[in-house]
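Asks: Could you have a look at this structure, given as structure tokens, before my questions?
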Amino acid sequence: MRAVFGLHTGPYITETQIGDTLDTGSFDPETTLLFSSTGDAPVTVTHEDTPDTSSLVEKIPPHRPSNTMALDPKTHKLFVPAGDVKWLPPAQAGGRPVKRIAAGTFRMLVIGK
């Protein structure tokens with residue numbers, strides 16, 4: 001669930017169902033589109049209908065792992081990098097596995113016209 005709050009006054013505006021692990025979000029002030037990128041679900045696109053309401057526009061199919069993204073404010077295109085995840089053993093016993101993108105699997109999802 002993603003909650004949207006007003007920037008200057010902080011009031012609760014709305015919420016939208018997204019994946020369990022929000023990684024990043026972006027807002028395009030010219031198109032009034034909000035984007036949510038997660039590693040476990042689609043990129044969620046919502047539209048700010050009024051300063052107090054928003055509506056779901058689209059859920060773009062998973063592009064795992066879609067953990068980050070960047071919005072180009074001039075072209076209004078959204079760039080979502082991904083690649084096949086390769087897990088390496090922990091560097092130390094009892095440590096956490098190391099997440100790497102497998103060589104040759106990098107790709108970029110470009111959203112927009």
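Only the coordinates and a few stated rules stand behind these numbers; no lab work does. Computed from a prediction, not measured in an experiment: that's the story for all the values here. Glycine also receives a Cβ, built like all others from the backbone with ideal geometry; neighbour counts cover every protein chain displayed.
Asks: Determine the gain in length on full extension of the stretch THR50-ALA70; use 0.36 nm per residue of separation and subtract their C-alpha separation, reporting nm with one decimal.
Replies: 4.8 nm
Asks: How would you classify the range 26-113 from its alpha-carbon gyration tensor, with a ≥ b ≥ c the square roots of the eigenvalues: rounded for a/c under 1.5, else prolate if a/b is greater than b/c, otherwise oblate?
Replies: It comes out prolate by the Cα gyration axes.
Asks: Simple spin-label model, 7 Å along Cα-to-Cβ: VAL85 to GLU30 in nm?
Replies: 3.4
Asks: In addition: Figure the gain on full extension for LYS77 and ILE101 (residue separation times 0.36 nm, minus the Cα-Cα span) and round it to one decimal in nm.
Replies: Extending this stretch completely gives an extra 6.3 nm.
Asks: Using 0.36 nm per residue, how much length does the chain from GLN92 to GLU58 gain when fully extended, once their Cα-Cα distance is taken away?
Replies: 8.0 nm
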